[in-house]
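What follows is a single structure, written as structure tokens, with notes after it.
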């Protein structure tokens, strides 16, 4: 099995890489922190292809995709996992850059990760494109406008992609995790119900990918919570969340 994973140097991406490597897969690991990818490659000799890149850099991603396909063949799974999160408030001009970065990485970075592999997957009539979205995309969370908007956009984008690929043999899978124990969530100053450790989240995500489930919320309890949030009328949602604690700002 051949798997491409972006954001593979830490957090959920690293947990996913380890999950597949421990089961004998060949992994193309994309991340900005190349030195951490080399540590992973040393642990799993002859299984890891390291590509130090930024998913915002389309030519770099294209070059990595071409190189991996030439050396290892068309991947079975491409997981667009790279993402960032920070608190943002529209009223502050200094947060505009954070809005830009979050949208560029979490949405356009996903597009740029998938695009170079689709032609090869179509040619072989196989493959699964997996986008890591979030329950945070179900409603606009106060103090997290950029992150919620990026994940809502990712969910809609992945649905469009899924329909576009229908009948091609290539599948698009949307994964919406709840809280996962990573450095990204460690700074959150509020309760995080149903939190999963990264290794357990990776195991459950891999199972959903194997089943080619079109849309999965992990864990299932967060799926129920997300559906309840979506059903709340706007006036009640506004009242309940108006004074909710915010994620710290400008940590990208």
*Could you list, in sequence order, all residues of the stretch 9-62 that are under 20 Å from residue 177 (Cβ atoms) and part of a helix (DSSP H, G or I)?*
11, 12, 13, 14, 15, 16, 17, 18, 19, 20
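Tell me, please, whether a residue that is more than 27 Å from residue 21 (Cβ to Cβ) and either buried (at least 17 other Cβ atoms within 10 Å of the Cβ) or free of Cβ contacts under 8 Å to residues at least 24 places away in the same chain (or both) can be found in the stretch 74-82.
no
Could you tell me whether any residue of the stretch 120-132 is assigned to a helix (DSSP H, G or I) and surrounded by 22 or more Cβ atoms within 10 Å (Cβ to Cβ)?
yes
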*asked:* Going through 209, 180 one at a time, which residue ends up being under 20 Å from residue 113 (Cβ atoms) and modelled with pLDDT under 95?
replied: 180
*Please give the number of the condition residue 16 fails out of (1) farther than 18 Å from residue 205 by Cβ; (2) modelled with pLDDT of 95 or more.*
(1)
_Looking only at residues that are part of a loop (DSSP other than H, G, I, E, B) and touching a helix residue (DSSP H, G or I) at 6+ places or on another chain (Cβ under 8 Å) in the stretch 226-252, which one is modelled with the lowest pLDDT?_
252
_Some residue of the stretch 134-144 being crowded, with 19+ Cβ neighbours inside 10 Å, touching a residue at least 40 places away in the same chain (Cβ under 8 Å) and under 30 Å from residue 67 (Cα atoms)_ = no
*Under 7 Å by Cβ, and 6 or more places apart or on different chains, what pairs join a residue from the stretch 43-69 that is farther than 15 Å from residue 8 by Cα with one that is part of a strand (DSSP E or B) and modelled with pLDDT of 95 or more?*
68/4; 68/28; 68/49
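The values are calculated or read from the model by the stated rules, or taken from the named source; none is laboratory data. These numbers come from a predicted model, not from an experiment. Ideal geometry is used to build each Cβ from the backbone, glycine not excepted, and the neighbour counts take in all protein chains shown.
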